[in-house]
Amino acid sequence: MHKMPRQVFVIGLNLVRNTGRRGWFNLQASTKSGLQGCIPPHLDMAGPSKKVSTMPSLESPTTGLPRLIGQSRIGRRRRSIRSRISAAVLASAMMFAPLSAFAAETPQRLEQWRTQALELVNKDRRKHGLAPLSLGENLNEAAQAHAEDMRDRNYYAHTSPEGDNVQDRFIDSGGSRWELVAENIARCEGCSPPINAQTIERLQTGWMNSPEHRENVLHEGLQSFGYGIVLDAENGLYAVQTFAGAGTPRGVAADEEPTVLASEDIPQRLTALVNRAREREQRAALNHNAGLDQVASALMPAPDSETIDLQNQDNLFAALPADQQTRWSGLSVIAGACGGCGRQATLADLRSFLDQWRDDPQYSQQLLGSTFDALGFALQVNGNGRKVAVLVLATAR
């Protein structure tokens, strides 16, 4: 698992092996972490007039993806969001004896295979102390659609010929762009119908014997599971596992237990982190101001919104308490968001957003310069993996 610089993340490695021999399964795995990065916008306001410039932003999120060979890129556009997330393809192969006979699969049989596949996945997760998953209708739909599309158009990859990936399929089936999504696929060119319980078991065994696929099955922060499978005498077998969930906080070390924060403690903890960074630059500390927290909260998007458009941008001063509306000569806003970042607010979230802003020269100058005297902060956690951070900086009159 490799982490690319700001706004670009790569998970996995490049490994493809396809023997082309009859009766072999070829497996591929991909994970795409949810959107993580600096997102719009940067707002400056001085007196009654304001200057607005939209900074590069990451979009949603969700979750992960690959390509047949090499890496894949995902770029979806929304009015105030842009995202780029990269993922590498992981692939391996396992031996599977050809099956014989022909029988069309009914919806009832498909549900049977999905139930069995879920039981096998949860059995492996329980062995490692992980929470069980539940079947998700949108994940089943995305997985089955991809399995059938690969069969019908004779390709084998996480990315369709048009460039659609697991995140696209998940969103198209009603999933949230802010969730973490992962996918494992398998193919057996020499296999013939029917599908049976042994088929499902062998697929799961093959995925668990591959480190990359195993990582997806045993990934923390997942809650839902989907399964798709097709098998016919002419085209062989295609199977797809799809996973989704809120993910985990970014910036947490493998052996670190995230420090969960109470909502009332978050602004003060962020202030302490900012002032620690300012102290290293020999800058005076900024004062925390609850009225500026109120401005930050007023800017937040609706928790259930799929976009991250900030609200109430027209007049930041109007969001201040009445007794503070003449206290400040200028306000500036820095915002960020991430997806697949877990269900709870943690100290690691604050560190990640602050590090992200410090990596941007414009934001770093505001955070560590001498222009501002006070700050306010708000962090929105919607419980589905999306986190939005808004920092308000103020200059006293």
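Selection among A285, S297, A319 by position relative to the dipole of segment 249-397 gives A285 as farthest towards the positive end (Cβ unit charges, Cα centre).
Once a ≥ b ≥ c are taken as the square roots of the eigenvalues of the Cα gyration tensor of segment 222-264, is the result rounded (a/c under 1.5), prolate (a/b larger than b/c) or oblate (a/b not larger than b/c)? Note, shape of segment 222-264 comes out prolate.
Using a simple spin-label model with pseudo-atoms 7 Å out from Cα toward Cβ, Q365 and R276 lie 2.7 nm apart.
Of the GluC sites (Glu not before Pro) found in segment 142-186, the ones in coil according to DSSP and having at most 11 other Cβ atoms within 10 Å of their Cβ are E162. Per atom type, segment 150-275 shows carbon and sulfur on 42% of its accessible surface, probed at 1.4 Å.
For segment 279-360, the convex hull drawn through the C-alpha positions has a volume of 144 cubic angstrom per residue.
Computed from the C-alpha gyration tensor, the three semi-axes of the ellipsoid equivalent to segment 313-393 are 25, 17, 10 Å, from longest to shortest.
Rg and Dmax, both from the Cα atoms of segment 151-255 and both in Å, are 15.2, 48.
Let me make sure I get this right: for segment 237-325, a, b and c are the square roots of the gyration tensor eigenvalues over alpha carbons, sorted descending. Under 1.5 in a/c it's rounded, otherwise prolate if a/b > b/c, else oblate. Which is it?
Since a/c reaches 1.5 but b/c is at least a/b, the shape of segment 237-325 is classed as oblate.
Shape call for segment 242-397 from the C-alpha gyration tensor, a ≥ b ≥ c root eigenvalues: rounded (a/c under 1.5), prolate (a/b greater than b/c) or oblate? Oblate, because a/c is 1.5 or more while a/b does not exceed b/c. Mind giving me the nanometre distance, one decimal, between the label points for K123 and S305, set 7 Å out from Cα along Cα→Cβ? With each label placed 7 Å out from Cα toward Cβ, I get 4.7 nm. Farthest toward the positive end of the dipole of segment 143-268, out of P267, V240, F170, is the Cα of V240, where the dipole comes from beta carbon charges about the Cα centre.
The values are calculated or read from the model by the stated rules, or taken from the named source; none is laboratory data. Keep in mind it's a predicted model, so treat the numbers as computed, not measured. Quick reminder, even Gly has a Cβ in these numbers, built from the backbone with ideal geometry, and neighbours come from all protein chains shown. Just so you know, the surface numbers come from the protein's heavy atoms only, side chains and all, with ligands and any DNA or RNA stripped out. Shrake-Rupley method; radii C 1.70, N 1.55, O 1.52, S 1.80 Å.
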